[in-house]
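Notes follow the structure.
The values are calculated or read from the model by the stated rules, or taken from the named source; none is laboratory data. Because the structure is predicted, anything quoted here is derived from the model rather than measured. All Cβ positions, glycine included, derive from the backbone under ideal geometry; neighbour counts span all protein chains shown.
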Amino acid sequence: MLIKKLKIKNLLNSELLILSCLKKAEDRNSFIIRVFNPTEFPVEGKIRLPVTVKKAWYTNLNERTVDLLMMKGNEISICVEANKIVTIGIEA
């Protein structure tokens, strides 16, 4: 399974963002990542995976799609507002 292959240390390229969750999605063949921004300002970052990403999207806590994300190959661009958590669905 892809989740077992991920190296958590190298998943985010920003030292300001914190990976708070990595799990299989409840009702899709995809996985969920939650990222927390503990700072007082918005932070942009990239999620890097060991495989090509087919699709990535922001979700709500019920894992329903909210908005599609920009991606290129195995990188997903994210922006996390100050003191917020984002939930991201990924199909690879």
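Of note:
- Sub-6 Å Cβ pairs linking a first residue in the range 68-81 that is closer than 19 Å to Asn37 by Cα to a second residue that is of a type in the set (A, V, I, L, M) and in a strand (DSSP E or B), at least 6 apart or interchain, are Leu69/Ala56; Leu69/Ile76; Ile76/Ile47; Ile76/Ala56; Val80/Val35; Val80/Val43; Val80/Val86, ordered by first then second residue.
- Qualifying residue in the range 48-56 (condition: within 12 Å of Thr87 (Cα to Cα) and at pLDDT 90 or above): yes
- Any hit, the range 10-18, residues being at pLDDT below 90 and farther than 14 Å from Cys79 by Cα: yes
- Of all residues in the range 18-52, exactly one satisfies the criterion of being out of contact with any Leu (no Cβ under 9 Å at 6 or more places or on another chain) and aliphatic (A, V, I, L, M), namely Ala25.
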